[in-house]
Amino acid sequence: MQAAKIAERILIAIPVVIGIGIIIFLIMRLTPGDPVDIMMGQAGHVSAREIELLTEQWHLNEPLHIQLGYFLRDLARGDLGTSFTKGRPVWDLIKGALPATLELALGAAIFALLLAIPIGVISAVKQNSFIDRASMTVAFFGICMPVFYLGIILMLVFSVKMGVLPTYGRISYEVMLHKVTGFYMLDSIITGNWAALGSTLKHLILPSITLGFPMAAIVARVMRSSMLEVLRNDYVVMARAKGLREFSVIVKHAMRNAMIPTVTVIGLEIGMLLGGNMIVETVFSWPGLGRLVVNSIFVRDYPLVQGVVMVYAFTFVAANLVVDILYTYINPKISI
Amino acid sequence: MLLEVNNLQTYFQTSRGSIKAVDGVSIKLEQGEILGLVGESGCGKSMTLLSLLRLVPHPGAIVGGEILFQGGDLLKKSSREMTRMRGRDLAMIFQDPMTTLNPVFKVGEQIRESLRIHNIFNQSRFSERKRLKQEKERVIQLMEETGIPSPMDRYYEYPHQFSGGMQQRAVIAIALSCEPKILLADEPTTALDVTIQAQILNLMERINRSHGMAVILVTHDLGVAAEFCRRIAVMYAGKIIEQGLTDEIIENPLHPYTQGLLRSIPHIVPDKPRLRPIRGTVPDLLNLPPGCTFLPRCDYAVEVCKEPQEMRDLGNGRLVRCARYK
Ligand SMILES: Nc1ncnc2c1ncn2[C@@H]1O[C@H](COP(=O)(O)OP(=O)(O)O)[C@@H](O)[C@H]1O
Ligand SMILES: [Mg+2]
């Protein structure tokens with residue numbers, strides 16, 4: 001895909017992101033519950049003067065369209081505002097939480113793909129075998145089981161019963177890690193801190209599995225069905241007739257084609273890993289964007305919620321763009 | 001004799017019973033000849049060819065017979081040996097070129113792949129770069145030979161950028177790449193326009209002459225077989241029912257089915273203008289009549305046809321499976 005086309009796609013995405021911004025702005029304000037009330041309620045006794053000051057400072061006394069105007073003006077300047085509850089710039093808070101979310105998403109994606117692609121392929125090649133039936137049954141549960149349920153079960157088994165894996169956070173308190181990038185794995189490698197690396201990995205396992213499992217289930221099913229489709233094609237027979245070993249027939253000729261529909265699903269699912277991780281981050285007390293946004297919804301921290309949702313919207317758009325670019329590489333028939 | 005197939009049986013085990021797609025087929029192929037395998041669709045032509053490569057799809061399996069080639073039985077070879085022979089000793093081309101080439105690889109690379117698989121340029125003194133260069137040169141040469149214009153550019157194109165006829169040429173180039181002794185062509189022109197059909201058949205004839213490569217040409221069109229083949233075998237419901245030199249079969253068809261096939265081709269027998277399709281339909285391979293499988297459609301059926309009919313050898317390579325000949 002040429003740079004001009006990519007630029008065009010990005011330009012098209014801008015109104016989408018702004019539209020999402022306006023929607024979340026309105027939703028937040030139409031939700032019952034006033035941020036000042038909630039904050040003051042938590043603070044205990046407060047004077048009417050203080051309430052008035054806050055209301056004014058956060059522009060909550062102005063009409064809705066004026067507030068929206070402020071929001072869009074700030075957005076255009078790249079300013080996501082200041083958190084009501086934490087008093088810090090929203091962008092700083094997001095920057096602090098983003099590495100945790102990305103690291104978890106990466107872990108989940110690696111887990112899901114390493115598991116799902118081979119299982120999808122094997123299930124298709126050995127259709128109706130025990131492996132096929134067993135993995136498709138598990139995948140079925142993976143798709144319909146609530147995430148928090150899987151998370152809690154894993155915790156019960158691996159943390160409570162066996163005591164081998166931690167249940168919350170990104171790293172053990174006993175381990176000191178000098179934070180460079182905020183990506184703990186990267187930081188421990190940069191600083192050569194192997195104890196920290198081990199602890200980080202241990203903390204990543206259960207949340208990654210929990211978050212990645214539904215994705216693995218979906219990708220395995222898609223991979224299996226597109227593999228079954230591909231294996232019916234003459235070019236697979238042709239590849240065998242050329243004298244290619246069965247392994248190469250499957251991995252080179254069949255899989256390359258079966259990946260085409262699968263990549264689309266993977267792209268969408270990676271968007272879900274980044275934007276749909278509130279439950280997992282809450283269950284595992286993972287200090288990422290998901291937990292940040294959940295907590296800020298409870299206290300009606302408008303700017304913070306808006307900021308995180310904008311980041312989500314951006315990630316979705318970016319993930320889709322990456323998939324489209326990737327798509328042109330793996331499917332020669334398409335050139336966007 | 002280059003290839004001798006004896007009593008080949010390929011069955012499909014299905015929940016409704018066993019389908020005898022290839023039911024005791026015996027054919028011989030001489031060095032450099034073109035043999036036509038003719039029959040209506042569903043009679044087992046493709047399965048016969050795939051059996052020769054031992055690539056019968058699941059749930060089909062070869063259950064009996066022998067395939068004698070180069071002093072050995074292909075059915076007794078290990079699957080490794082068989083893999084090595086595919087493409088190198090026996091190559092195959094398929095009915096629909098649109099689906100025979102892999103859509104995600106460049107056409108030139110797909111031709112080169114078969115050179116690579118069979119280590120055509122793998123002398124140890126060659127570096128990888130030199131080897132690649134030689135392979136590419138050979139691919140260009142093959143593309144030229146099969147009549148693909150501007151092969152230097154077309155090497156880097158994908159199958160969807162080729163027309164159907166060009167795709168089939170590329171498939172033939174793949175088949176030709178390792179100079180196999182036998183080319184199995186499964187209705188190579190059925191999916192193409194009539195004008196392109198003639199071009200492709202001429203190309204195959206030329207290759208047959210210049211490389212001395214034997215060809216089994218599968219077709220449902222007796223006219224095509226008559227034009228290009230030295231000998232013809234007619235297949236019906238999994239069995240060969242008549243075999244012989246092309247001229248003899250065309251001039252004097254013996255089996256009622258062959259006669260019917262000929263009558264349903266307008267231009268071969270101009271003095272008999274009445275076009276008469278064979279009555280009835282292709283039999284269901286799951287419910288074959290116990291005797292002669294053609295019996296329900298035959299105009300000459302007598303009592304003895306209710307028993308299975310053996311192949312009768314009339315001498316001079318002429319074989320027929322019909323009770324009317326002794
Ligand atoms: N996958 C399959 N499952 C069951 N039966 C099959 C399968 N493929 C082919 N057959 C049977 O084998 C017969 C011969 O098929 P084929 O060799 O493709 O016919 P032809 O090439 O002469 O048109 C078919 O009529 C069908 O009954
Ligand atoms: Mg066929």
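The values are calculated or read from the model by the stated rules, or taken from the named source; none is laboratory data. This is a predicted model, so every value here is computed, not measured. Virtual Cβ from ideal backbone geometry, glycine too; neighbours counted across all protein chains shown. Heads up: the accessible areas ignore ligands, DNA and RNA and are worked out on the full protein's heavy atoms, side chains in. Shrake-Rupley method; radii C 1.70, N 1.55, O 1.52, S 1.80 Å.
The table for this structure:
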| read-out | value |
| --- | --- |
| Exclusive hit being within 14 Å of ligand 2 (Cβ to nearest atom), within 22 Å of B:Ala237 (Cβ to Cβ) and in a strand (DSSP E or B), set B:Val56, B:Val22 | B:Val22 |
| Output for the stretch B:70-84, where each listed residue is open to solvent by 10 Å² or more (accessible area, probe 1.4 Å), more than 22 Å from A:Arg256 (Cα to Cα) and at the interface with chain A (Cβ under 10 Å from one of its Cβ atoms) | B:Ser79, B:Arg80, B:Arg84 |
| Sole residue being under 19 Å from A:Gly169 (Cβ atoms) and surrounded by fewer than 20 Cβ atoms within 10 Å (Cβ to Cβ), chosen from A:Gly96, A:Gly151, A:Gly107 | A:Gly96 |
| Test: residue in the stretch B:87-96 that is open to solvent by less than 40 Å² (accessible area, probe 1.4 Å) and either part of a helix (DSSP H, G or I) or free of Cβ contacts under 8 Å to residues at least 24 places away in the same chain (or both) | no |
| Residue match in the stretch B:158-178 (condition: out of contact with any Pro (no Cβ under 9 Å at 6 or more places or on another chain), open to solvent by 40 Å² or more (accessible area, probe 1.4 Å) and within 14 Å of chain A (Cβ to nearest Cβ)) | no |
| Residue that is most open to solvent (accessible area, probe 1.4 Å) [pool: residues in the stretch B:35-49 that are part of a helix (DSSP H, G or I) and either more than 13 Å from ligand 2 (Cβ to nearest atom) or out of contact with any Gly (no Cβ under 8 Å at 6 or more places or on another chain) (or both)] | B:Ser46 |
| The stretch B:200-230 - residue that is out of contact with any strand residue (DSSP E or B) (no Cβ under 7 Å at 6 or more places or on another chain) and more than 24 Å from B:Leu262 (Cα to Cα) and, of those, most open to solvent (accessible area, probe 1.4 Å) | B:Arg209 |
| All positions within the stretch B:97-107 that are in contact with an Asp or Glu (Cβ under 8 Å, 6 or more places away or on another chain) and either crowded, with 24+ Cβ neighbours inside 10 Å or more than 23 Å from B:Glu137 (Cβ to Cβ) (or both) | B:Thr99, B:Thr100, B:Val107 |
| Subset of the stretch B:118-144 (residues that are at pLDDT 95 or above and within 14 Å of chain A (Cβ to nearest Cβ)) | B:Val139, B:Leu142 |
| Residues being within 14 Å of chain A (Cβ to nearest Cβ) and more than 7 Å from ligand 1 (Cβ to nearest atom) - total across the stretch B:30-69 | 9 |
| Hey, A:Ile260 within 14 Å of another protein chain (Cβ to nearest Cβ), over 14 Å from the mean Cα position of the chain (by Cα) and modelled with pLDDT of 95 or more or not | no |
| Strands (runs of 3 or more DSSP E) enclosed by the stretch B:194-294 - at least 3 residues per element that are within 16 Å of ligand 2 (Cβ to nearest atom) and closer than 30 Å to B:Arg16 by Cα | B:231-236 |
| In the stretch A:237-247, the residues that are under 16 Å from B:Ser51 (Cα atoms) and either within 36 Å of the chain's Cα centre (by Cα) or of a type in the set (D, E, K, R) (or both) | A:Arg240, A:Lys242 |
